[in-house]
Amino acid sequence: MQSARRCRVRAYLDQGVRPHINLHGARYTNRVLATSTHLIGQQLLVYMNTDDLRCVRAFLSDGAELGVLDVQGSWRLIPHNLKLRQQILKQAGERRQRGAGAPDPIEAYVKEKLAGAKTARKAATELANVNRLIGSASTAKTPPGPARQPETVVAPALEATATSAAPTDGVVDRAQGTAARPRKLSIGTGQVF
């Protein structure tokens, strides 16, 4: 499930900060956006997957796609969802008021919940939820949007080299470099006698 949000492009060129957007307490950018100073002040339509906030897909106001924007800083290291980020930012605000700061907000959150889990049931439950989220998340980022089909290549040269025992339709699997053989599937009528 993806949700859309409008974000304004910001930059602080005099301080050396390239164009970016701010979304839920973190900066997002990519190479195209970072070099597009003409977009400063304009709004982008951003589609995000709330289950993995490490990347979002951005579109210009005219509908042209800007591409996948990656989160900056230590947020990109560990997969996290919107609820976890909001809890971490809330805790980081409280920690900032006490005067303690941490370079990695997710790690600091886990350490604090680990320390509190020995005495508080709520902290132990939150720690278990974070560990489950981090353990079940894939390590590869999946950009939001439609899934792309694996690429195949038509190779007529391989048809001549294929053996007669293994008929092929000329489609080559790029990952393995071998010809793929189609399988004939039998689908029943669904009636049981």
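Annotations
- Test: Leu23 is under 30 Å from Gly116 (Cα atoms), modelled with pLDDT of 90 or more and not β-branched (Val, Ile, Thr): yes
- Residue identified as more than 18 Å from the chain's Cα centre (by Cα) and surrounded by 14 or more Cβ atoms within 10 Å (Cβ to Cβ) among Gln15, Gln42, Gln91: Gln91
- Residue that is touching a Phe, Trp or Tyr at 6+ places or on another chain (Cβ under 9 Å) and over 15 Å from Asn22 (Cβ atoms), where the choices are Leu60, Leu66: Leu66
The values are calculated or read from the model by the stated rules, or taken from the named source; none is laboratory data. Quick caveat: nothing in here was measured; it's all calculated off a predicted structure. Ideal geometry is used to build each Cβ from the backbone, glycine not excepted, and the neighbour counts take in all protein chains shown.
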